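Below is one structure, written out as structure tokens; comments come after it.
The values are calculated or read from the model by the stated rules, or taken from the named source; none is laboratory data. In this text the structure is predicted, and so the values were computed from the model without any measurement. Every residue, glycine among them, receives a Cβ derived from its backbone with ideal geometry; neighbour counts consider all protein chains shown. For the accessible areas, the whole protein counts, side chains as well, though only heavy atoms, and no ligand, DNA or RNA atoms are used. Shrake-Rupley method; radii C 1.70, N 1.55, O 1.52, S 1.80 Å.
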Amino acid sequence: MTYLSRALGAGLAITLPAAPALAQSPSDAADLQKQLSNPVASLISVPFQFNFDDNIGPKDKGERWTMNIQPVIPFDLGGGWNLISRTIVPVVSQYNLPSEGEDAWGLGDTTQSFFFSPTPSDGGLIWGVGPAFLFPTASEDDLGLDTFAAGVTGVVLKQSGPWTMGLLANHLWDWDGPVEIDSTFTQPFLAYAYDNGWTATLQAEWTHDWVNDTDSAPIGLLASKLTNIGGTPVSWQGGVRYYAESAPNGPEGWGARFGVTLLFPK
């Protein structure tokens, strides 16, 4: 099920959140970069993530561009707890899909996740858990599943010096609709924040479809740069991905990812 792997994999992959302001000193800049590597940081951001995938379909003739609009909004619940809302709205343009000569453009299915996360102690483990939902909002039949799904999501990470190492995961089941969904997404990630505003990230995005017993597993190497535009902090990101494992008729070989994250300090 090609769309399922894309929706639950690329759609749920993290776009690293924002920092509250662009620091002046190298040490402060490195600290902000580490916050960018924390998916449950208590920071408001609006990432725009662009993904390109190729060699899709039975004859490897298809290609797909996906822009994920991913607002991240934290809420202070009091008592040392935060609620992090992460919404993913994909805008898709695909060619020669589902078969050669057929094209489609429009909205895909929307993913909504909530993470309940305690305020971390200095040097402590950072984690968050909560529900995840898949809403059938696709504007074209070929861009969605026409099925509502729900499940659980969680993230755990550790930050030490310039290093961030963690794991993001979720599982979704279908609740209403014509498509059976039973899928697990797992994303390990490792990031290193340099003292010049750059961050290098290595991550994998593995989706296992339990219904069809198939896997999709792109591995990505990304670089991001924290900058300041008109007094507003902005993060730029770009890199490549390679599909170590592909679902039937899914993307194969190399792909690309780039994006920009707008940051809105409280």
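For the range 107-124, the set of residues classified as in contact (Cβ under 8 Å) with a residue 12 or more places away in the chain, surrounded by fewer than 19 Cβ atoms within 10 Å (Cβ to Cβ) and farther than 13 Å from Val89 by Cβ consists of Phe114, Phe116, Pro118, Thr119, Gly123, listed by residue number. Given the structure, is Leu168 of a type outside the set (Ser, Thr, Tyr), open to solvent by less than 50 Å² (accessible area, probe 1.4 Å) and at pLDDT below 95? Criteria not met by Leu168. Being among the charged types (D, E, K, R) and closer than 20 Å to Asp182 by Cα holds for only one residue in Asp103, Asp122, Asp109, and it is Asp109.
I'd like to check something: does the range 152-162 contain any residue that is more than 30 Å from Tyr194 (Cβ to Cβ), touching a helix residue (DSSP H, G or I) at 6+ places or on another chain (Cβ under 9 Å) and surrounded by fewer than 17 Cβ atoms within 10 Å (Cβ to Cβ)? Scanning the range 152-162 turns up no residue that is more than 30 Å from Tyr194 (Cβ to Cβ), touching a helix residue (DSSP H, G or I) at 6+ places or on another chain (Cβ under 9 Å) and surrounded by fewer than 17 Cβ atoms within 10 Å (Cβ to Cβ).
Report those strands (runs of 3 or more DSSP E) wholly inside the range 33-105 carrying at least 1 residues which are under 21 Å from Ser216 (Cβ atoms) and among the hydrophobic types (A, V, I, L, M, F, W, C). The strands (runs of 3 or more DSSP E) meeting that bar are 44-56, 62-69, 81-95.
Among the residues of the range 143-179, those identified as outside any strand (DSSP E or B) and either more than 30 Å from Gln94 (Cβ to Cβ) or touching a residue at least 60 places away in the same chain (Cβ under 8 Å) (or both) are Leu143, Gly144, Leu145, Gly161, Pro162, Val179.
Applying the set (1) out of contact with any strand residue (DSSP E or B) (no Cβ under 6 Å at 6 or more places or on another chain); (2) within 21 Å of Val72 (Cβ to Cβ); (3) open to solvent by 50 Å² or more (accessible area, probe 1.4 Å) to Trp127 leaves exactly one unmet item: (1). Of the strands (runs of 3 or more DSSP E) contained entirely in the range 197-265, those carrying at least 1 residues that are modelled with pLDDT under 95 and of a type in the set (A, V, I, L, M, F, W, C) fall at 198-204, 214-229, 232-245, 254-264. Taken together, Phe189, Phe133 contain a single residue that is in a strand (DSSP E or B), buried (at least 22 other Cβ atoms within 10 Å of the Cβ), aromatic (Phe, Trp, Tyr) and modelled with pLDDT of 95 or more, which is Phe189. Just to be sure before I move on: is Asp209 open to solvent by 30 Å² or more (accessible area, probe 1.4 Å) and farther than 30 Å from Pro162 by Cα in the structure I sent? No; evaluated as a whole, the condition is false for this residue. Against the criterion of being at positive phi, open to solvent by less than 40 Å² (accessible area, probe 1.4 Å) and not polar (S, T, N, Q), Gly79 does not qualify. Would you check if Gly259 is open to solvent by less than 30 Å² (accessible area, probe 1.4 Å), in contact with a Ser or Thr (Cβ under 6 Å, 6 or more places away or on another chain), within 21 Å of Asp54 (Cβ to Cβ) and touching a residue at least 40 places away in the same chain (Cβ under 8 Å)? So Gly259 fails the test.
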